[in-house]
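Here's the structure we're looking at; comments come further down.
The values are calculated or read from the model by the stated rules, or taken from the named source; none is laboratory data. Computed from a prediction, not measured in an experiment: that's the story for all the values here. Cβ coordinates were reconstructed from backbone atoms using ideal geometry, including for glycine residues, and neighbour counts include every protein chain displayed. Note: accessible area is taken over every heavy atom of the protein model, side chains too, but ligands, DNA and RNA are not part of it. Shrake-Rupley method; radii C 1.70, N 1.55, O 1.52, S 1.80 Å.
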Amino acid sequence: MPVSDRRHDSFFDLSGRVKLRLTGGDRLRFLNGQVTNNVAKATESEAIAACVLNAKGRVNAHVFISATSTALLLDSDVELREALKMRLERYIIADDVEVEDVTDQFALFHVLATAPDAIPEDCRSISINRFGSLGRDLVVDSSKHDEVLDQLSSTFSFCDGPCSERFRIERGIPRWGRELTEEIIPVEANLGASCVDYDKGCYIGQEVISRMKMSGQLNKKLCGLRASADVRLAPGARLFAISKPATGKEVGWITSATQIESSGQDIGLGYVKRGFNTLDTELEVRTDEAAVSSAARVKVVELPFTFETAS
């Protein structure tokens with residue numbers, strides 16, 4: 001069954017994510033020139049996902065955007081707290097735009113439910129797809145963090161850091177520093193459908209994204225990887241072809257890994273080159289090229305992962 005069916009009543013504390021507020025009369029036009037999605041689709045009740053790119057089409061940040069009557073609000077991975085603000089401000093020339101870091105002013109929770117039965121008072125509720133299906137963000141003043149955490153815990157199951165990491169891997173969700181770096185193009189990380197509006201106006205990096213859409217070819221792609229029995233996976237391990245005539249050729253690497261709770265079998269995410277990333281392709285895993293085990297293999301599988309259930 002899809003893993004989303006297994007944690008439909010969970011919530012996450014995402015308060016540590018960097019949060020930026022853009023104000024000024026040119027904020028919509030400016031941000032539209034910086035991100036891959038159409039910012040006009042972001043509202044007070046619905047958020048969109050987008051990527052901030054460099055001129056070569058590589059990812060500077062994966063962001064979520066919502067709006068109020070006076071501002072645009074962004075959140076992204078905590079590691080980008082300084083870099084993202086600087087990246088946006090670099091392109092403010094004569095624009096009426098101000099970028100403010102409001103990370104510490106607001107607490108942010110995400111609930112895996114489209115309409116939570118009980119939304120804590122004073123929370124701003126936003127429909128958003130963070131984990132491959134619609135859920136709700138709850139934004140509240142940081143002074144009420146503990147109060148809202150307690151209220152949500154009485155209704156939903158809290159998914160802590162290790163739980164959240166396992167869940168996003170199961171869902172095939174890329175994370176900054178693992179699947180997302182400044183060497184990755186959004187469509188390689190399967191972010192095309194959720195983050196790119198191919199009909200919007202110009203933005204930094206658009207030429208590369210448009211060219212890749214027209215060619216329909218990717219040099220590499222983020223894939224699900226399921227390990228053979230008793231094989232342990234680790235980020236950074238390299239993947240090699242095992243079929244002729246490419247036997248022994250390096251064709252990818254693992255970015256994240258975890259274990260299936262019920263079986264203990266390892267699964268992971270990784271980039272695999274074109275020609276070797278079709279479903280059911282078997283690859284060899286090497287963490288040390290001097291010590292190769294022919295039994296250390298993974299199979300390329302569809303994302304999100306699906307698990308069999310007992311009948």
Of everything in segment 201-224 that's part of a helix (DSSP H, G or I) and not hydroxyl-bearing (Ser, Thr, Tyr), which residue is farthest from residue 176 (Cα to Cα)? 214
Output the qualifying pairs, or none if there are none: Cβ atoms under 6 angstrom, residues six or more apart or on different chains, first residue in segment 194-205 and touching a residue at least 60 places away in the same chain (Cβ under 8 Å) and of a type in the set (Ser, Thr, Tyr), second residue surrounded by fewer than 18 Cβ atoms within 10 Å (Cβ to Cβ) and assigned to a loop (DSSP other than H, G, I, E, B). 203/33
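For residues in segment 121-132 being in a loop (DSSP other than H, G, I, E, B) and touching a His at 6+ places or on another chain (Cβ under 9 Å), which is surrounded by the fewest Cβ atoms within 10 Å (Cβ to Cβ)? It would help to see each step written out before you state the result.
As a first pass, look at segment 121-132 and keep what is in a loop (DSSP other than H, G, I, E, B): 121-123, 130-132.
Now drop any that are not touching a His at 6+ places or on another chain (Cβ under 9 Å), which leaves 130-131.
Working: 130: 21, 131: 23.
Taking the candidates together, the pick is 130.
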May I ask you to list the residues in segment 243-293 that are open to solvent by less than 80 Å² (accessible area, probe 1.4 Å), assigned to a loop (DSSP other than H, G, I, E, B) and at pLDDT below 95? 243, 246, 248, 260, 263, 264, 265, 288, 291, 292, 293
Within segment 133-167, residues open to solvent by less than 20 Å² (accessible area, probe 1.4 Å), within 16 Å of residue 43 (Cα to Cα) and either free of Cβ contacts under 8 Å to residues at least 12 places away in the same chain or not small (Gly, Ala, Ser) (or both) come out as 137, 138
Since residue 207 meets every condition but one in (1) open to solvent by 30 Å² or more (accessible area, probe 1.4 Å); (2) within 22 Å of the chain's Cα centre (by Cα), which condition does it not meet? (2)
Among the numbered criteria (1) among the small types (Gly, Ala, Ser); (2) outside any loop (DSSP other than H, G, I, E, B); (3) over 20 Å from the mean Cα position of the chain (by Cα), which single criterion is violated by residue 135? (3)
Can you find a residue in segment 105-112 that is among the aliphatic types (A, V, I, L, M), under 19 Å from the mean Cα position of the chain (by Cα) and assigned to a loop (DSSP other than H, G, I, E, B)? yes
